[in-house]
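The values are calculated or read from the model by the stated rules, or taken from the named source; none is laboratory data. As the structure is a computational prediction, the values presented were derived from the model and not from experiment. As a convention, Cβ positions derive from the backbone with ideal geometry for all residues, glycine included, and neighbour counts pool all protein chains shown. Just the protein is used for accessible areas: all its heavy atoms, side chains included, with ligands, DNA and RNA removed. Shrake-Rupley method; radii C 1.70, N 1.55, O 1.52, S 1.80 Å.
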Amino acid sequence: MGQEFSLWWQTGVIYQIYPRSFQDTNGDGIGDIPGITSRLDYLADTLRVDAIWLSPFYPSPMADFGYDVSNYVDVDPVFGTLGSFDEMLQGAHDRGLKVIVDWVPNHSSDQHPWFLESRSSRDSLKREWYVWRDAKPDGSPPNNWLSWFGGGAWEWDETTGQYYLHSFLKEQPDLNWRNPEVKRTMHDVLRFWLDRGVDGVRIDVANMILKDPELRDNPPNPEPAATSGHARAYWSQVHLYDKSHPDVHDAFREIRGVLDDYGTSAPRMAVGEMFESDRRASASYYGNNLDELHMPFNFALISAPWTAQAVRNVVDITEAIVPAGGWPNYVLGNHDQHRLASRIGAEQARVGMTLLLTLRGTPTMYYGDELGMHDVPITLEQVHDPWELNEPGLGRDAERTPMQWNTQPNAGFCALDVQPWLPIAGDYREINVAVEREEQSSTISLTRSLLELRRAHPCLAVGSYRPVDDGPESCFVYLREHEQHRCLVALNFSAESQTVALQKRERGSILVSTHLDRVEEVDLSRLHLRPNEGCVIEVGRR
Ligand code: GLC
């Protein structure tokens, strides 16, 4: 309280674009950067988000669809050129949109010239750029670490007779961040994009860059299912030594230093992807003096059960653990998670969008969620994600399908005679930008109204958060307050009608309901919410 939060990444809303799936312009069925440029008006004027984050568009063999980078300072021909990137950036800036790029420091592609050189001989000058170790005397890998995508984390290299570490696919060898040359080079990569004018970076698996220097075995996990909700082999261990070594804090401070060198007039921002089962550990990456990452991504809303109590708990804990002066953030969907509408249903997805856009903290939206896009069924022949091939059922193709723009065949994503790289949703004729824009009660109309409210009411963008206890168990009710302004948000997580009864007799005016059919004065001592309804209500000035 009393603190001013007015930087672009604090007041703004971030929109994630998965470039392969946003807009194809060159007829290969894969989205590209000129496609993003052609949709900037949509983002800046129709939707009116504040920043876009682009998943990787760098040269890549696409073993993990761009998260296996073979050149950090160029654009893959599938997506365009550096020239088309610059045009997109300029176009975004001309419209007041900030641009965040993905930075993948933990691993490169096995086709990156650094790795090719590293694996060429034990004496290679780049040998220490990656993590190489001898086999144990019995020939087995150096320790018990596992790959996120299934199987062990070590790959045997016949030519040089050692194992290399890959926390993800074997095509994604881990870089050795304990080597100062690697660190320096990766900082230069950051500068390359910052010098071009990007406003921020999303750091891929940020906390994994520093591991136990002794490479000790991870201990067994006594409660694998409790940790993750999955029976995956990956969770048979506590991931104690293969990530989050305390030295990562120094690495983050140095990365922050690189960003801060760009000054305060146009502050650059870093948001880090991390998976920590202990939420306090996640919050520690803000830094003791707020000198590490501007924001560690907060995925707690994705993993929590979708009930009013569990969600309130996530928010209350978030509020409690973000250090003083730090700024929270929330995420409800991304390219690694099943779509919001598939996880919680189409009606609750609207409640979810209302929550995301009215909490205290930066929201990151996933492309298509503004339409209520859902997972698309993927047949065996259509599978692209290598994770699905390794561990069936865990693939991420369903949430990466093409953006639905209009009612034309291929939903306006690519030309009519082109085969899109992933299938288009069967109901795209109803769920698309062109149709929904015209429908007063559509999900895009709701999203636009919420974005508009957030802009018009500073209490929603930067105000304090206070949970209200007077609701029934299946409702989450909170107040956002800033100076004289107050908004009450009341969300019904159930499919039954509910009545919220604020103890204080007060009246308010509904600014938006998820059903988009009422703008009216209400008595807050008996506020009726219809099934799956959420309302944002302006409450009298104090
Ligand atoms: C992150 C990305 C994911 C990718 C993985 C390996 O979790 O979000 O898509 O597969 O890192 O880079």
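Once Rh is set to the Kirkwood radius over Cα pairs, what Stokes-Einstein translational diffusion coefficient, in µm²/s, holds for segment 1-79 at a temperature of 25 °C and a viscosity of 0.890 mPa s?
After rounding, the answer is 174 µm²/s.
Calculate the spin-label point distance for Glu496 paired with Asp188, positioning each point 7 Å from the Cα along the beta-carbon direction, and give it in nanometres.
Rounded to a tenth, the inter-label distance reads 6.5 nm.
For the peptides 97-104, 450-457, 375-382, 414-421, what is the packing order when you average, over each peptide's residues, the other Cβ atoms within 10 Å and list the highest mean first?
97-104, 450-457, 414-421, 375-382
Rounded to the nearest 10 Å², what accessible area does Cys475 show when all protein chains are kept and the probe is 1.4 Å?
Accessible surface of Cys475 is approximately 10 Å².
Taking the alpha-carbon centroid of each part, what is the distance from segment 304-333 to segment 399-433 in angstrom?
34 Å
Take every Cα-Cα distance within segment 53-121, group them into 10 Å bins from 0 onward, and report for each bin the whole-number percent of pairs it holds.
Histogram of Cα-Cα distances, whole percents per bin: 21, 45, 25, 8, 2, 0.
Report the Cα centroid-to-centroid distance between segment 361-395 and segment 511-534 in angstrom, as an integer.
33 Å
Using every alpha carbon pair in the chain, what percent of pairs falls into each 10 Å bin from 0 up to the bin containing the largest distance?
Going from the shortest bin to the longest, the percentages are 4, 18, 28, 27, 16, 6, 1, 0.
Between Val383 and Ala320, what's the calculated FRET efficiency when r is the beta-carbon distance and R0 is 41 Å? Round to 0.05.
0.50
Give me a comma-separated list of calculated 3J(HN,Hα) values for segment 479-484, in order, Karplus coefficients 6.51, -1.76, 1.60 applied at θ = phi - 60°, integers in Hz, x for any Gly or Pro.
3J(HN,Hα) across segment 479-484, in whole Hz: 10, 10, 10, 8, 6, 8.
Between Asp261 and Ala233, take the C-beta separation as r, use R0 = 35 Å, and let me know the FRET efficiency to the nearest 0.05.
After rounding to 0.05, the efficiency reads 0.25.
In debye, nearest 20, what is the charge dipole magnitude of segment 464-539 about its Cα centre with +1 on Lys and Arg Cβ and -1 on Asp and Glu Cβ, if you could check?
Roughly 100 debye for segment 464-539.
Using a 1.4 angstrom probe on heavy atoms only, work out the carbon and sulfur share of the accessible area of segment 456-511 in %.
Accessible surface attributable to carbon and sulfur in segment 456-511 totals 46 percent.
What number does segment 464-539 give for Rg over Rh if you use C-alpha atoms and the Kirkwood radius?
Rg divided by Rh gives 0.93.
Give the percent of DSSP beta bridges with both residues in segment 1-153 that are antiparallel, rounded to the nearest 5.
Here the share of antiparallel DSSP bridges comes out near 10 percent.
To the nearest 10 square angstrom, what accessible area does Trp235 show with a 1.4 Å probe?
Counting only protein heavy atoms, the figure is 40 Å².
Can you work out the accessible area per residue across the chain, with the rest of the protein chains kept in place, probe 1.4 Å, in square angstrom? Numbers along the way, then the final one.
Numbers: 20810 Å² over 542 residues.
Here the residues of the chain average 38 Å² of exposed surface.
If you average the C-alpha positions of segment 129-189 and of segment 1-44 separately, how far apart do those two centres end up, in angstrom?
Comparing the Cα centres of segment 129-189 and segment 1-44, I get a distance of 34 Å.
Over segment 113-165, what percent of the accessible surface lies on carbon and sulfur atoms, probe 1.4 Å?
52 percent
What FRET efficiency do you get for His338 and Arg518 if R0 is 30 Å and r is their Cβ-Cβ distance, rounded to the nearest 0.05?
In this case the efficiency is close to 0.45.
What is the ratio of the Cα radius of gyration of segment 176-311 to 2.2 N^0.38 Å, where N is its residue count, to two decimals?
For segment 176-311, the normalised Cα radius of gyration is 1.18.
In µm²/s, what is D for segment 113-165 at 20 °C and 1.002 mPa s, where D = kT/(6 pi eta Rh) by Stokes-Einstein and Rh is the Kirkwood radius from Cα pairs? Present the calculation step by step, with values, prior to reporting the outcome.
Details: Rh = 11.5 Å.
Diffusion coefficient, whole number: 186 µm²/s.
In vacuo Debye scattering of segment 25-183, one point per C-alpha: log10 I(q)/I(0) at q = 0.10, 0.14, 0.19 Å⁻¹?
-0.47, -0.77, -1.10
Provide the convex hull volume over Cα atoms per residue for segment 276-316, in Å³. Mind showing how you got there, number by number?
Numbers: hull volume 2.8 nm³, N = 41.
Measuring per residue, one finds 68 Å³ for the Cα hull of segment 276-316.
Would you please give the residues with an amide H less than 5 Å from that of Asp102, counting only those at least 5 places away or on a separate chain, with H modeled from the backbone geometry?
Placed amide hydrogens put Leu54, Arg202 under 5 Å from Asp102.
Over all distinct alpha-carbon pairs, what is the Kirkwood Rh of segment 139-249 in angstrom?
For segment 139-249, inverting the mean 1/r across all distinct Cα pairs yields 15.8 Å.
Expressed in nm to one decimal, what extension gain is obtained for the pair Asp28 and Asp74 from 0.36 nm per residue of sequence separation less their Cα-Cα distance?
14.6 nm
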